[in-house]
1. For region 504-518, what does the Karplus curve 6.51 cos²θ - 1.76 cosθ + 1.60, with θ = phi - 60°, yield as ³J(HN,Hα) per residue in whole Hz, taken in order and with x for Gly and Pro?
2. Quick check: residue separation of residue 83 and residue 178 times 0.36 nm, minus the Cα distance between them. What number comes out in nm?
3. Dipole of the chain (Lys/Arg Cβ +1, Asp/Glu Cβ -1, origin at the Cα centre): which of 474, 363, 198 lies farthest to the positive side?
4. Would region 186-320 count as rounded, prolate or oblate if I go by the C-alpha gyration tensor, calling it rounded below 1.5 in a/c and otherwise prolate when a/b exceeds b/c, oblate otherwise?
5. Return the loop-located GluC sites (Glu not before Pro) in region 209-268 (DSSP other than H, G, I, E, B) with at most 15 other Cβ atoms within 10 Å of their own Cβ; answer none if there are none.
6. Trypsin sites (Lys or Arg not before Pro), restricted to region 321-418: which are DSSP loop and have at most 15 other Cβ atoms within 10 Å?
7. Could you tell me the accessible area of residue 185 in Å² (1.4 Å probe, neighbours in place), rounded to the nearest ten?
8. Kindly provide the Kirkwood hydrodynamic radius of region 305-402 in Å, to one decimal, from all pairs of distinct alpha carbon atoms.
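The values are calculated or read from the model by the stated rules, or taken from the named source; none is laboratory data. Keep in mind the model is a prediction, meaning the values are calculated, not measured. Every residue, glycine among them, receives a Cβ derived from its backbone with ideal geometry; neighbour counts consider all protein chains shown. Ligands, DNA and RNA are excluded from the accessible area calculation, which covers all protein heavy atoms including side chains. Shrake-Rupley method; radii C 1.70, N 1.55, O 1.52, S 1.80 Å.
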Amino acid sequence: GSPWKARILPRSGRDFPQKIDAPLERRSGPLKRILAALLAAALCLGLAGCGPAPEPEVTPTPTPSATPAPEPAEFALACYPSAGFHPITGTNRTNLNLAGLVYEGLFELDQEFQVHNVLCASYTVSEDGLTWSFRLRPGVTFSDGSALTAADVVSSLEAARTSALYSARFADIGAVSATADGGVTVTLTRANGNLPALLDIPIVREAGAVPLGTGPYVLTGAGESWSLTANPNWRQGPENLSLQSIPLRAIHEADELIRAFDTREVTLVSTDLTGTNSLGFSGSFDTVDYPTSTMLYVGFNTVSGPCASAAVRQALLRAFDRSSAVTARLSRHAQAAALPVSPVSPLYDAELAQSLAYDTGAAEELLTQAGYSRSDGVWQRRGTPLSLTLAAPTNNPTRLDAAELLAANLTDLGIQAELAALSWDDYVQALEAGDFDLYLGEVRLTADFDLTALITPGGALNYGGYSNAQATSLHSAFRAASGTARTEAAAQLYAQLAQEPPFAVICFKNWSVLMQWNQLSGLTPTQQNLFYQFDQWEIS
């Protein structure tokens, strides 16, 4: 379609249009609708990474029925046999979810993005933070009874280096090698005090189409018939598993998965209910949300236009009603946040976040300090109204709804907001050309919450041209810090970003596990492992 525009003026001017109709294309739209960017493909497709756009999805919001299903069905999971089951090089999300039952990494992350040792027994770090030496847990075997070796770890990490899922994690990893004493050394090109957060990558031993793993289950089968059976060599003992066998239902397309779940042939599914190509599950089910590192934010053009003023950007930090955006537009499948780290993380400074919360009075004071005054309900400077263009792609109705609310926040404050809805290609082109004042971005950060791509000069996602030497220095210190020093380094970095904002964080998204009524309890899914602590689940 052709570009279209809709100008939102303060209510003292023209009425705010409650709905703007425009075609929603796969990655579409022209310049005007507001805020729904997803900047996630380079920053992370699937389970890790960084970039301007996640894969598109179709998102009817599920409407659970109030009537629970009468009796639990057999616990069963879905799989796509034709898509392959490799946990590192695979691309099918349903199959990748099964990896949490079959494979383990050196480390794992819990729901607060805290790191726990798994196949790694201990590690040491050089004084400069560039050389990490890992000692493997003794006595670990693969499902065939063969011992885990350093060579298995090295080959798995090297496979991950070039995979679509994990390659972004290796930006600062120079070399991975086995040591003479059976350990593994990782050499960095830039210090990262939280490197273990990136090393929850599955460790495998290649053995045909389905690699061997060290996890609680073994994936076996052929053709259309597959199942998970208890790993007789699992170090925690297969007798501690509540299920000795889990049947897998063969699926070939999305509609089949929806039918299998609706008819209770499949016990659970995972989905992003606010995503661009989320499947349309409906009917009667329980839902458990879990946090992700996917951040929704409003980016600023810090080079030209009104947002070149740090005071204006500070005002905008207080102008967005994050809680309403999460509640009314994202159906609570997100957590409001004012800092660029998940609010479930211990790094999240609640006191600092509160000082950046939605507050129109504070926003007005900051606009006044920036040299603006309000006349006839509109903020002006030297007779020129404060007018902002907000760019967004039109491929996600949920985020477009959120964009309308955020635009209304600006309008209510007395700022003229011109909405831009673009096709995906035009949207990226506008960002690369700096043809915006604001844009709505979505990016999946790595689990160490590295902001390099967003705030460093020349960063892959630094479309706003942000450049601040102090922020860059504090970010480097944050990356290098570990332990309690990391918390203090994070606080200093986030305080600086509040003074010289590159963007306004809106929220961190949740994903959801949908499951049959009254069949499961005790779930603790994580972003990387849907079946985290599966041996502690209660299954009817």
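1. Coupling constants for region 504-518: 10, 6, 9, 6, 10, 6, 9, 9, 9, 9, 9, 9, 5, 4, 6 Hz.
2. Working it through step by step, the gained length comes to 31.0 nm.
3. Sorting the options by dipole projection puts first 363.
4. Taking the square roots of the gyration eigenvalues as a ≥ b ≥ c, region 186-320 is oblate.
5. 224, 253
6. 332, 382
7. Rounded to the nearest 10, the figure is 20 Å².
8. Computed over Cα pairs of region 305-402, the Kirkwood hydrodynamic radius comes out at 15.3 Å.
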